[in-house]
Each structure stands twice: as structure tokens, then as C-alpha cells.
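Undergrad: Just passing along the structure, written as C-alpha cells.
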Amino acid sequence: MSYRVIDLFAGGGGLSLGFSQAGFDIVCAIENWQPAIDIYQENFNSHPVINTDLGDIDNAAKIITNYAPNIIVGGPPCQDFSSAGKRDESLGRANLTVSFAEIIRKCKPEIFVMENVDRAAKAKAFQAALKIFKSAGYGLTIKTINAAYCGTPQLRKRLIVIGRLEEKDGFMEQLLDAGLANEPMTIRQYFNGSLNFEHYYRHPRSYARRAIFSIDEPSPTIRGVNRPIPKGYPGHSGDPITVNSNLRSLTTLERARIQTFPDSFKWIGSKTDIEQVIGNAVPVKLAEHIASCLIKYLENQDTKNFQNQLFQNQANYSIEQRD
């Protein structure tokens, strides 16, 4: 069976690309921020990306139903859950997590995948979304996955919810665990010797945190801003080296590669918008890991169904022979 996938809150296309690379057919994407739409359109020409507000649940459901998806994936905006944001659900973006759940309840795809920051698990909006999923008949696998163990050179913990109609809870936990690496991916390993530096600067949220990192460790979480070294940076006891004339911040393209976008991916628009799209993206390799595990699950289900049907046919044949 060919599974038709729609990507909601698609951004620049991290989830779409990961699922596509794993073998799924992306038939449509929906996004509501034009700079992200422009980048998505530049890189995906086999299906449309539609500009619409996913907070308008009825309208979104009509659009989605036209594409008859088997699977809906999406990462509702996470700023109000994020450690880099204000962590204030009242700002409204957290409501889009509930909107995602309501869209799932209306459209009833066989399977859905929702991605968010790990701290979203404690949010009221997330708990409300889980109740909606359960009331719609979905069995849920809820798992926090660190992208660094999925071939991504970045410490990026993400909360993943996978739902399937009429399935038991936890149905994919073992598959998701089995596909993880034993050690986190470092920048040096991922770039495979192509970098000409050993350390780089990543602007901290406060000077109480370190700001200089080695390429022999995973990157900290890529954020939507990329600042140069300020003249007043005081240094930190955790920094492996002191600031020097050779030290610099990562470039935009290096940050995109740490998000595991391929070198062939095209980035258009203003530098500020591109940096934001990169920081908001689901790492491609994380998405591919989830999608690959989902394919294994579906193949296992097909095998079980075939074996059950074969057993039933054999049983029916035996009865006919006795008769």
C-alpha cells in the first residue's frame, strides 16, 4: 500500500524531506509563514504547499480531506513551550497543538505523527491534545528522542507522538529505541573532515552559560538566531578555549547542515528569515529515523495480516476437506 502523507506546519520542510527520504509519498504541505513557504516551494516541486491558517480547523480539514492522506505529520509551533521562548501558553501558539489534534479528529487519518519540544509534555495544551487523540480512537506512542542519536550532530530533544487508529498504546516504542545509535553524533563525524576549525562560538541566552564549543561534541540545539561574538563576551569556565581572532560563529549553511539538510537544499530570502527557518526545522535525520521506524512497523503489520489470512485460509481449507 502506498501511504499518502500531508505535512502540517511544514516550515522549510524538515519533516517532509525526512519522510520522503524514507520512502513515503508527500502529497501536500501546509504552512502559514511566507518566508518558509518560499523555501519549501524552492525545494519541493512534486506537490503543493498551501498557505492557510491551521487555527481555522474546519477550513484546514476541508483542504486536507481533498488530498485523502493516510498519514498526517506536523510540528505545531513550539515557542510557547520552548526553553528559548517565554514559555507562556497564553500567548496563543500553544493552542495550535490543540488545533493539530482537532484536525486529526476531524480528518481521521490512519496514522499521525506530531513533533514538539520535550518540555511540551508538561503543558496543558499538550495534555488536552492527548485527550482529543484518545477520544478519536488512537493508540499512542509517546517518546522523547534526542536527535544526536539519530545521525544528527546536535543535542536536540524532541517529544514525538505517533498515533494509529485502533492500536494499543506504546505500539512503536521498541522500534524507535532499536534504531538509535549507542553514542551521540559529533560535528566532526558528521562533517567528515570538511571543516577547517576546531572550535566555534554559539551565543548563549545568558553569560552564565558557556558559549564556545568543540567540533568533537554534538552542537547544542540550533536556534533561530545566529549572532557574532560580541566584544564584551567575558568568557566562561566551561569554554574549552578563550576567545581569539580565529574563533567565529557557525555560518548559515553550516547550521543548516547540522540540521542535516543536504548541501543541495536551496535557501532563499533574507538572512534573518533563513536563520529562523533553519532554527525552527525538524532535523531531517530525526524525521527520517521516525519515518523509517514507521515503515518497519507497517511492514511488520502487513506480514502479520498476511500470515493471519494464510492461517485462516488453511483452516477453511481443512474444514472443507473434512466436509
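Undergrad: Cβ contacts < 9 Å: first residue more than 18 Å from F19 (Cα to Cα) and in contact (Cβ under 8 Å) with a residue 60 or more places away in the chain, restricted to the stretch 256-283; second residue charged (D, E, K, R) and outside any loop (DSSP other than H, G, I, E, B), any location; separation 6+ or different chain. Result?
TA: Close Cβ pairs satisfying both conditions: K266/E42; W267/E42; I268/D38; I268/E42; G269/D38; D273/D38.
Undergrad: Here's something else I'd like to know. For the structure I just gave you, tell me whether L180 is out of contact with any His (no Cβ under 6 Å at 6 or more places or on another chain) and closer than 24 Å to I104 by Cβ.
TA: On the way: out of contact with any His (no Cβ under 6 Å at 6 or more places or on another chain): yes; closer than 24 Å to I104 by Cβ: no.
Answer is no for this residue.
Undergrad: Are any residues in the stretch 5-34 charged (D, E, K, R) and crowded, with 19+ Cβ neighbours inside 10 Å, and if so, which ones?
TA: Listed by number, the residues that qualify are D7, E31.
Undergrad: Go through the stretch 53-80 and give me each residue that's farther than 19 Å from R105 by Cα and surrounded by fewer than 19 Cβ atoms within 10 Å (Cβ to Cβ).
TA: Listed by number, the list holds a single entry, Q79.
Condition check ((1) among the β-branched types (V, I, T); (2) crowded, with 17+ Cβ neighbours inside 10 Å) across all residues:
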| position | (1), (2) |
| --- | --- |
| I212 | yes, yes |
| D216 | no, no |
| V225 | yes, no |
| P230 | no, no |
| G238 | no, no |
| T242 | yes, no |
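Undergrad: Considering only the stretch 183-194, state which residues are without any contact (Cβ under 8 Å) to a residue 40 or more places away in the chain and surrounded by fewer than 16 Cβ atoms within 10 Å (Cβ to Cβ).
TA: E183, Q189, N192, G193, S194
Undergrad: Further, regarding this structure: Kindly provide the set of residues from the stretch 49-69 that are assigned to a loop (DSSP other than H, G, I, E, B) and of a type in the set (S, T, Y), ordered by number.
TA: Once the filter is applied, which keeps residues that are assigned to a loop (DSSP other than H, G, I, E, B) and of a type in the set (S, T, Y), the stretch 49-69 yields T52, Y67.
Undergrad: Scan the stretch 248-269 for residues that are among the β-branched types (V, I, T), closer than 19 Å to V225 by Cβ and surrounded by 21 or more Cβ atoms within 10 Å (Cβ to Cβ) and report the count.
TA: Total meeting the criteria: 1.
Undergrad: Limited to the stretch 1-27, what total is found for residues that are touching a helix residue (DSSP H, G or I) at 6+ places or on another chain (Cβ under 7 Å), more than 13 Å from I72 (Cβ to Cβ) and either aliphatic (A, V, I, L, M) or not in a loop (DSSP other than H, G, I, E, B) (or both)?
TA: Summing the residues that are touching a helix residue (DSSP H, G or I) at 6+ places or on another chain (Cβ under 7 Å), more than 13 Å from I72 (Cβ to Cβ) and either aliphatic (A, V, I, L, M) or not in a loop (DSSP other than H, G, I, E, B) (or both) in the stretch 1-27 gives 5.
Undergrad: Scan the stretch 250-272 for residues that are out of contact with any Leu (no Cβ under 9 Å at 6 or more places or on another chain) and at positive phi and jot them down.
TA: Within the stretch 250-272, G269 is the sole residue that qualifies.
Undergrad: Considering (1) at pLDDT 95 or above; (2) in contact with a strand residue (DSSP E or B) (Cβ under 8 Å, 6 or more places away or on another chain); (3) buried (at least 17 other Cβ atoms within 10 Å of the Cβ); (4) not basic (K, R), say which one C150 fails and leave the rest.
TA: Exception for C150: condition (2).
Undergrad: Scanning for something free of Cβ contacts under 8 Å to residues at least 12 places away in the same chain, over 21 Å from T144 (Cβ atoms) and not β-branched (V, I, T), does the stretch 240-248 turn up at least one residue?
TA: Scanning the stretch 240-248 turns up at least one residue that is free of Cβ contacts under 8 Å to residues at least 12 places away in the same chain, over 21 Å from T144 (Cβ atoms) and not β-branched (V, I, T).
Undergrad: Within the stretch 162-182, does at least one residue satisfy the condition of being more than 24 Å from E217 (Cα to Cα), surrounded by fewer than 23 Cβ atoms within 10 Å (Cβ to Cβ) and in contact with a Leu (Cβ under 6 Å, 6 or more places away or on another chain)?
TA: Yes - at least one qualifying residue is present in the stretch 162-182.
The values are calculated or read from the model by the stated rules, or taken from the named source; none is laboratory data. What you see is a predicted model; the values in this text were computed from it and never measured. Reconstructed Cβ throughout: ideal geometry from the backbone, glycine too, with neighbour counts over all protein chains shown.
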